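Engineer: Quick one: structure below, then a few questions.
Coordinate-derived values only; no laboratory data. Keep in mind the model is a prediction, meaning the values are calculated, not measured. Positions of Cβ are backbone-derived with ideal geometry, glycine not excepted, and every protein chain shown enters the neighbour counts.
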Amino acid sequence: MSLTRRTPCGTVRTEQVGSDVDLYGWVHRRRDLGGLIFIDLRDRSGIVQVKFDPVHAQAHAAGGGLRSESVIHVRGPVRVRPPGTENKELSTGAVEVEAHAVDLLNRAQPPPFAVNEDGAVDEQLRLRYRYLDLRRSRMARNLQLRHRMTKAIRDFLDDQGFVEIETPVLIRSTPEGARDYLVPSRLKPGHVYALAQSPQLYKQLLMVAGMDRYFQIVRCYRDEDQRADRQPEFTQLDLEMSFVGEDDVLDVIERCFAHIWKQVLNVDVPTPIRRITHAEALRRYGVDKPDLRYGLEIEELSAIFATTEFKIFRQALDSGGVVRGIRIPRNVGGKEIEALTEVARAEGAKGLAFWHREPNGWRSPITKFFSDGELTGLAQATGAQPDDVVVAVADRAEVAAAALGSVRKAAAGPLGLIKDGNFEFVWVTEFPLFERSKETGEVTAAHHPFTSPRPEDLPLLDSEPLRVRARAYDLVLNGTELGSGSIRIHDPEMQQRVFNGLGISREDAERKFGFLLNAFRYGAPPHGGFAYGLDRVVMLAAGEETIREVIAFPKNQQAEEVMTDAPAPADPKQLRELGLQLMPRPPQAR
RNA sequence: GGCCCCGUGGUGUAGCGGUCUAACAUGCCUCCCUGUCACGGAGGAGAUCGGCGGUUCGAAUCCGCUCGGGGUCGCCA
């Protein structure tokens, strides 16, 4: 069996007609006509039809016994298919291979689910037999798409003068950020490494080291609960540049996306990608990662109802709140309104006001509470046409934004406003530097503690830190946050001021980040960068709903890898070596 | 931890108080078939309906608990 003579299944063409080929692959499907037998033979390159004619008795006999997913070797000449029997669905459809010799290399049991079709199969089962699942066209296509994407990224960044440099995975744990995966040290008992959540600090130090333009396609680890777009280990495209401002970073990133979208999907991404400030995103779309594939913009209606006597609006406005609404360009029924009301309530709104626009006025249970002027204003502000519906929330600005942001998202699908293959990129800029933690009430870094404040907001740093805006930006695609970046602090005194704002004392900062502050005292260039989730990018490019569909061996919601059954119970011998002892489990746990 | 959805032959679904001795498609097994390509035809095997408990004369179907999976909120500097 000489693999050098192998012809990939999907590459057989009319040029090879008459010459013998050696095919190696999996039996995709068998069609036994009694005399003639046809087999679709599959490998990564595609599918080719193999013909078993009774004239070649030995091969024909072997062909009759072949089962789906068995691995075989076939030798024989390429033939032109008889006129009228070509298959336009296959790249190899003009020809077929006439089997003269067949080797059964591995006989397959019937697989637990159909490998030769892409129908729905329980995900747990797919993951347990992932090696079979990866044979199916959907996953094979996704993994190859992912490869082409990482290659396009490397090609582009190399061309732009970036150097790919690996950084440590076993690093010092820092308290900020997500929960760390810890790795105990054998050589230093009682000490632990953390698996890197990102190469953030190392890449900044590479800038201090004069590497100028760095990137890395890098695995990152975060021990948090799973989501459709979150895995405990995921891959980032991480990059950092010296002597740059926001526009330089955004420019490289958007040209990078334009390049890979063109290379991989043959889709043009218009550049520059539009920008919207964080504050404007919240006002117009209710979220900091707006989906711009559809309109349904949130309208500010507070002025129209400034003197309203409608009690619910009155109370909201009097206590400093707002009235905002969305025009829904269709007559949605009571059931749909009810569903949207539930969506709004889930975000803390007390309810959802709604009016049906009619040729001469409005129809709604609450119309009677409003003056003609208010209703005219409503029509003008929303541009509502007859048969449209306007929904509104009166509440604190944050609640109204969140509620209408959710309503907007929930309404778009049923209204048929989301078209397949539509990619709407948008930069969200001017993020706040700090935010207040919902549960502890402490001030934390909105992005990370190394993000530079905007110079014009520096006077607010000590007095009103929550109003300080950062030189930070997110890239959003179709309502999914792809990644974020910022211009970093490169001055030790500024870094210390921001640490102060975060309640990190000088001693704390020296202990945890002394190496960084130290480095900044030896000639640190101004620098900034970006990182995005490669899995999410591939997911969106592949039209998938979860990143598990673009990861070869993902983990489930319990962070288990069900094929190998990881994690597994700790071996006492390993624990002894590490100087570790397990605590007894609390009785209520499992 | 909260909320929501889903567990029925190998796979995917239907059935949602009695007619279920559980249906359909596909896969599997046997036989027929020389131009199929989701080949076709005939026949066959295969599920006590995730588990436990309850309601009921009667439960796949209703209720409770539980196990497993997924989505989401919290969390993700």
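Engineer: Hey, can you tell me all the residues within segment A:151-181 that are in contact with a strand residue (DSSP E or B) (Cβ under 7 Å, 6 or more places away or on another chain) and under 29 Å from A:D565 (Cβ atoms)?
Structural biologist: A:V169, A:L170, A:I171, A:S173, A:D180, A:Y181
Engineer: While we're looking at this one, here's another question. Give the residue that is nearest to the chain's Cα centre (by Cα), with candidates limited to residues of segment A:50-72 that are crowded, with 17+ Cβ neighbours inside 10 Å and more than 12 Å from RNA strand B (Cβ to nearest atom).
Structural biologist: Only one residue fits best here, namely A:I72.
Engineer: Test each condition in (1) crowded, with 19+ Cβ neighbours inside 10 Å; (2) assigned to a strand (DSSP E or B) for A:R219 and report the one that comes out false.
Structural biologist: Condition (1) is where A:R219 drops out.
Engineer: Kindly provide the set of residues from segment A:541-576 that are more than 9 Å from RNA strand B (Cβ to nearest atom), of a type in the set (V, I, T) and more than 29 Å from A:P189 (Cβ to Cβ), ordered by number.
Structural biologist: The answer is A:V550, A:I551.
Engineer: I'd like the residue in segment A:1-53 that is acidic (D, E) and assigned to a strand (DSSP E or B) and, out of all such residues, is farthest from A:G65 (Cα to Cα).
Structural biologist: Our first condition is that a residue be acidic (D, E); within segment A:1-53, this holds for A:15, A:20, A:22, A:32, A:40, A:43, A:53.
Those left that are additionally assigned to a strand (DSSP E or B): A:20, A:22, A:32, A:40, A:43.
On the way: A:D20: 23, A:D22: 20, A:D32: 10, A:D40: 14, A:D43: 20 Å.
Filtering segment A:1-53 for residues that are acidic (D, E) and assigned to a strand (DSSP E or B), the one farthest from A:G65 (Cα to Cα) comes out as A:D20.
Engineer: Could you please find all residues in segment A:79-124 being among the acidic types (D, E), within 12 Å of A:V50 (Cα to Cα) and near RNA strand B (Cβ under 7 Å from one of its atoms)?
Structural biologist: Quick first cut of segment A:79-124, residues among the acidic types (D, E) only: A:86, A:89, A:96, A:98, A:103, A:117-118, A:122-123.
Add one more test, that the residue is within 12 Å of A:V50 (Cα to Cα), and what stays is A:96, A:98.
Hit for segment A:79-124 is A:E96, nothing else.
Engineer: A further question on this structure: Give the residue, chosen from A:V218, A:V264, A:V287, that is under 19 Å from A:V537 (Cβ atoms), aliphatic (A, V, I, L, M) and within 15 Å of RNA strand B (Cβ to nearest atom).
Structural biologist: On the way: A:V264 fails: within 15 Å of RNA strand B (Cβ to nearest atom); A:V287 fails: under 19 Å from A:V537 (Cβ atoms).
Unique residue meeting the criteria: A:V218.
Engineer: Which residue pairs have Cβ atoms closer than 8 Å, lie 6 or more positions apart in sequence or on different chains, and pair a first residue in segment A:554-574 that is within 22 Å of A:R230 (Cβ to Cβ) with a second residue that is among the hydrophobic types (A, V, I, L, M, F, W, C) and part of a loop (DSSP other than H, G, I, E, B)?
Structural biologist: A:N556/A:V562; A:E561/A:F553; A:M563/A:F553; A:P567/A:A559
Engineer: From A:E374, A:E398, grab the single residue that is in a helix (DSSP H, G or I) and surrounded by 15 or more Cβ atoms within 10 Å (Cβ to Cβ).
Structural biologist: On the way: A:E398 fails: surrounded by 15 or more Cβ atoms within 10 Å (Cβ to Cβ).
Result: A:E374 is the single residue among A:E374, A:E398 that is in a helix (DSSP H, G or I) and surrounded by 15 or more Cβ atoms within 10 Å (Cβ to Cβ).
Engineer: Could you tell me whether any residue of segment A:149-162 is more than 19 Å from the chain's Cα centre (by Cα), surrounded by 20 or more Cβ atoms within 10 Å (Cβ to Cβ) and within 20 Å of A:G483 (Cα to Cα)?
Structural biologist: Scanning segment A:149-162 turns up at least one residue that is more than 19 Å from the chain's Cα centre (by Cα), surrounded by 20 or more Cβ atoms within 10 Å (Cβ to Cβ) and within 20 Å of A:G483 (Cα to Cα).
Engineer: Now, a different point. Exactly one condition in (1) surrounded by fewer than 20 Cβ atoms within 10 Å (Cβ to Cβ); (2) under 31 Å from the mean Cα position of the chain (by Cα) is false for A:R314; which is it?
Structural biologist: Single failed check for A:R314: (2).
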